[in-house]
Amino acid sequence: MIEGANEHAPEFASDRYDVDISEYNILASAQQHTAGEIIATVTATDADANDEIEYIITGGNEDNLFEIPNPLFGNIVLKDPTLIDFETTTSYALIITATDLVIPESDRRTTTTYLYISVLDENDNLPVFSNDMYTGRVDEEAPIGTSIILTIPISVTDADSLYGMETVEFEINTVGSPLPSPFLAFTLSEDGTSLTTTIAIDREEDEGVFTFQMRVVDAAGNEDTAMMTVDILDINDNAPMIQEPQGGFLIMVAENNPVNSVLVTITAEDTDLGVNAEVFFTLQGGAGYFDIGHDTGVVTQIGSLQALEPPVTFTLTVIARDSGGLSSSRDLIVNLTYSNDHAPVFESSVYSGSVAECAEDGTPISPVLTLRATDDDTDSVVSYYIESSSVGDLFQLENIGQTATIRSAGSSVFDRESRDTYTFTVYATDGIIGTDDDSATVTIFISDCNDHSPIFTQDMYEVDVPEGTASGATVIQVHTNDADIGENEEVRFNVESVSPSSFSNVFHVDPLTGGIVASVNIDNTYTGSSACSTLDDHSNNVTLTIKATDQATMQDQLSNYTTVFIRLLDRNSEAPSFVPSSFYSFEISENVDGVDLGTVEAVDECDMDSDVTFFLVSGQDSAPFEIDQDTGVIRVIAGLDREVNDFLVVQLQAVDDGTDPGPQTGHASVTINVLDENDNAPKLVRDTYDISLPENIPVSTTLISIVASDPDLDENGTISFSMQSGDSDLFMLEGSPAGSDSDHLVTKVSLDRERVSVHIVTILVSDAGSPQKNSTAVMTLTLTDVNDNVPVWTAGQGSEFEIFENVTNSLVVDLDATDRDDGLNQELVYFFVGGSQDYESFHIDRNDGTLHIARDLDYETTPEYTLNIVVSDRRAETDDDGVTPLTNSTTIHIIVTDVNDNEPYFNRCPHGYEIPETFRVGAVVGNNIKDSVEDDDSLAIRTPFYYYIDSPESEREKRELSNAHK
């Protein structure tokens, strides 16, 4: 089979691919794209047979927003659509590489294409004002369409492109505007950059400041708002208006009026602002006699009028002009009169009258109050006026010729009960400047109208009327108050109704005093129980309705009502009786409280409606109880203790509510049997025991007697003993008959302190009640030591040691032993014992067992030692207390090692040899000298021997021999 070569590279279907995707719109509820969505597919083919093609993004994907999840398919996937933002990046150019997957890799061929991704703009940005607050200004009366002068320009931005500023709309928000309809006065341009007027604004009549909300909305309804404040600037469009002075524009001046006197003060108002509202005055026609203050408006007489002959009239024109030149004028008429030498004088300095508090508007004061003042000047005209604001609008003056009358000015302003007198001053004037006005004091008394009903001091009166009350007796008195006076205050009483009706003739009311009076003698017919009464609708309670009426004229009379509740009381002649008997018996368990013990009952046979109150007679037995005074329920308020008191007797009283001759009392006894509850745990004589005893005591030895008691009864007080905890293999309770108050703890085996030195046994004492109660006693058993353990070697025993001779104070061995006993029985001592050896060469420490060489060992004297050593407890050192000390022994074998500490010596001396003089050099003189040499050291140490002749030359030879020996 011939395989073809990889002759062709893959070819894309297109050398460029284009796709559009929408940006992520954070403002939209649904998105155009999802994560993992395929946004484009590229394909490539390969002319070579069977070549697989791999697709990879090799460029333009720096933000890693796209991927090809399966490289064998050319699907390009959007990884995270939330990162696609048109305002950040409007397009992407991805380089896609296709590679055939032939083997080997070195033969693979590639090709590329481009995927151009265009990002479509979405309306995902709000239009935004550059500022939250804008301010501007415009002149009032500016023509319609005048632009507002803005402090800062109105600016709005929208980051979107297709949906940006070209699609936004501007408007003035009419919802929630702080001022009425400001949108009617202004309009925003289509591009929102200018604000113009829609009306000619009058600052004085409209508003001086307009504040409203501007709103910008894009095509998707996304919006932003900003506040706009427009100040309306004042222009001088209002002339000052002269105000009429008090007394009007007609002034009467006497011919002898002094120069520089003030005639009148003129004022003017200008509704403009600032300098436009500054007003200045001028006067025309004064003829040198009059002038006006330029700033103050005060008109004064500047020249003498004596040369003129009255009557003379001056017409003066007052001109008020503002700083802008606008003005207004009024004529001021000045009439010159003859000399005014006399002032008006009242005929009386004091006047008085009255008017009803309910008088209608304009009612004359009664009697008709006419004020009169005279003036001796010729042709003088007198007029009258009330001191300003002294009585407000309550009264009015009517000038009639030279007199005046006073009338009321309103019917709703007087209330005699609040204020019954008004005093004020009236002035008389001739109207001529230069004279004084006279005054008179007027007092008006407000007369009463019947405008208040009688008011009872109580809404309801209650009274108890006992049996035996005599006819004519006043049982209670009702009272009223009436704010009116005179006949309007006087009251008459009558009975309007009686319930029950059978008592209609039993009580009546005194019409003048309001006293409720018994019309008959009140006997048992009225006060007894229904069983004793002869009335069909008997009741011990009577209700009267009392009416009070004032004594005004018939058509003006007013009334009111109250209720009198009468309780008819029977004489109390019999005490309440307990039923069914005056002896009660109850049972109650101990230790319970807050429960009802039982109920007692008592009745008053003659007066079934009598209220009976129950009491416990105080005493020792009654302390744990209380009784409901109304129901007779006896309640346990403190738990009873049968062990303290199992039987109690409580005395009761039943007291009725009689008042005549007084309450009556009945008596009863209550016995209470207290039932036992298992409320006491068995009580041990002791809760804890600490016992010391020697180990190894005999089996079945009694260690302790446990005693307990239980004050409860029967099964609740029957106790038993048991071991709650402790080693049951070592201890047991001896066992006592049921109900016994004691038991005994005994040993089951011999105790070994070395195994356990302290035993804790808990004894449980239980009663037979339900629920069962228990107590415990904890016994701590401490075993004291008995010398029952032999010391045991733990180190150095039975050893053999080799020791060089001539060594002093050297440690041979550290012997050690232990003893499981305690105290003196545990403390050990070491010493030599027995044998024929010389122990003076050795020393053993009695306390720690260390064995040392006491003096130099001499192999030549004693080559080995056998030492017998005993370890014993310290009982061996104490006085005889009947306790035998215990010991243990061991043998230490010591071999003394020889050292060369002895010189050789000749056993016979001197040696002599005879030699002929003919001996040759080197001839043997003698050969038996070695047989006479001895050495005390061991054979291994002392051989071989070396011989030399002691001579001056022998020192050198001796050294040579010594070196050779080494």
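Can you list the strands (runs of 3 or more DSSP E) lying wholly within region 551-670 that have 3 or more residues being closer than 30 Å to residue 498 by Cα? Outline the logic, then answer.
Working: elements: 559-569, 577-579, 583-589, 595-599, 601-603, 612-616, 625-627, 633-636, 647-656.
By residue number, 559-569.
Hey, among 729, 690, which residue is of a type outside the set (Val, Ile, Thr), open to solvent by 20 Å² or more (accessible area, probe 1.4 Å), in contact (Cβ under 8 Å) with a residue 12 or more places away in the chain and part of a strand (DSSP E or B)?
690
Quick one: residue 821 ticks every box in (1) open to solvent by 20 Å² or more (accessible area, probe 1.4 Å); (2) assigned to a loop (DSSP other than H, G, I, E, B); (3) under 30 Å from residue 689 (Cβ atoms) bar one, so which box is it?
(1)
Testing residue 125 on (1) open to solvent by 30 Å² or more (accessible area, probe 1.4 Å); (2) within 28 Å of residue 19 (Cα to Cα); (3) at pLDDT 85 or above, one condition comes back false. Which one is that?
Residue 125 satisfies all of (1) open to solvent by 30 Å² or more (accessible area, probe 1.4 Å); (2) within 28 Å of residue 19 (Cα to Cα); (3) at pLDDT 85 or above except (3).
Scanning region 190-248 for residues that are polar (S, T, N, Q) and within 47 Å of the chain's Cα centre (by Cα), which turns out surrounded by the fewest Cβ atoms within 10 Å (Cβ to Cβ)?
Of everything passing the filter in region 190-248, 225 is surrounded by the fewest Cβ atoms within 10 Å (Cβ to Cβ).
Among 9, 28, 35, which is the only one that is assigned to a loop (DSSP other than H, G, I, E, B), open to solvent by 50 Å² or more (accessible area, probe 1.4 Å) and either out of contact with any Phe, Trp or Tyr (no Cβ under 6 Å at 6 or more places or on another chain) or on the phi < 0 side of the Ramachandran plot (or both)?
Selected residue: 35, the only one of 9, 28, 35 that is assigned to a loop (DSSP other than H, G, I, E, B), open to solvent by 50 Å² or more (accessible area, probe 1.4 Å) and either out of contact with any Phe, Trp or Tyr (no Cβ under 6 Å at 6 or more places or on another chain) or on the phi < 0 side of the Ramachandran plot (or both).
Considering only residues that are open to solvent by 60 Å² or more (accessible area, probe 1.4 Å) and in a helix (DSSP H, G or I), which ones fall in region 693-726?
714, 715, listed by residue number.
Among the listed residues 78, 94, 101, 65, which satisfies the condition of being open to solvent by 40 Å² or more (accessible area, probe 1.4 Å) and more than 30 Å from residue 234 (Cβ to Cβ)?
101
Does any residue of region 766-775 turn out to be open to solvent by less than 50 Å² (accessible area, probe 1.4 Å), of a type in the set (D, E, K, R) and out of contact with any Leu (no Cβ under 6 Å at 6 or more places or on another chain)?
Yes; the residues of region 766-775 include at least one that is open to solvent by less than 50 Å² (accessible area, probe 1.4 Å), of a type in the set (D, E, K, R) and out of contact with any Leu (no Cβ under 6 Å at 6 or more places or on another chain).
Keeping to region 80-106, report how many residues are under 16 Å from residue 67 (Cβ atoms) and either of a type in the set (Val, Ile, Thr) or in a loop (DSSP other than H, G, I, E, B) (or both).
6
Taking region 12-25 as the search range and keeping residues that are crowded, with 16+ Cβ neighbours inside 10 Å and of a type in the set (A, V, I, L, M, F, W, C), which one is nearest to the chain's Cα centre (by Cα)?
Filtering first and then ranking leaves 21.
Of all residues in region 771-807, how many are part of a loop (DSSP other than H, G, I, E, B) and not β-branched (Val, Ile, Thr)?
14
Six or more apart or on different chains, Cβ atoms under 9 Å: show the pairs whose first residue is in region 850-864 and free of Cβ contacts under 8 Å to residues at least 40 places away in the same chain and whose second is in a strand (DSSP E or B) and exposed (fewer than 14 other Cβ atoms within 10 Å of the Cβ).
Listed by first residue and then by second, the contacts come to 850/811; 850/814; 863/895; 864/893; 864/895.
If residue 494 meets every condition in (1) open to solvent by 20 Å² or more (accessible area, probe 1.4 Å); (2) modelled with pLDDT under 90 apart from one, which number is that one?
Of the numbered conditions (1) open to solvent by 20 Å² or more (accessible area, probe 1.4 Å); (2) modelled with pLDDT under 90, the odd one out for residue 494 is (2).
Would it be correct to say that residue 651 is over 30 Å from residue 546 (Cα atoms) and free of Cβ contacts under 8 Å to residues at least 24 places away in the same chain? Full working, then the answer.
Values: over 30 Å from residue 546 (Cα atoms): yes; free of Cβ contacts under 8 Å to residues at least 24 places away in the same chain: no.
No.
Consider residue 71 carefully, then state whether it is in contact with a strand residue (DSSP E or B) (Cβ under 7 Å, 6 or more places away or on another chain), open to solvent by less than 70 Å² (accessible area, probe 1.4 Å), free of Cβ contacts under 8 Å to residues at least 40 places away in the same chain and not aliphatic (A, V, I, L, M).
When the stated conditions are applied, residue 71 passes them.
Cβ contacts < 6 Å: first residue closer than 30 Å to residue 819 by Cα and assigned to a loop (DSSP other than H, G, I, E, B), restricted to region 734-758; second residue open to solvent by 40 Å² or more (accessible area, probe 1.4 Å) and not aliphatic (A, V, I, L, M), any location; separation 6+ or different chain. Result?
750/696; 754/820
Which residue is modelled with the highest pLDDT, if the candidates are limited to region 384-415 and must be part of a strand (DSSP E or B) and either touching an Asp or Glu at 6+ places or on another chain (Cβ under 8 Å) or within 15 Å of residue 443 (Cβ to Cβ) (or both)?
Ranking the qualifying residues of region 384-415, first place goes to 386.
The values are calculated or read from the model by the stated rules, or taken from the named source; none is laboratory data. Bear in mind the structure is a predicted one, so any value in this text is a computation, not a measurement. Using ideal geometry, Cβ is built from the backbone for each residue, glycine included, and neighbour counts are taken over all protein chains shown. Ligands, DNA and RNA are excluded from the accessible area calculation, which covers all protein heavy atoms including side chains. Shrake-Rupley method; radii C 1.70, N 1.55, O 1.52, S 1.80 Å.
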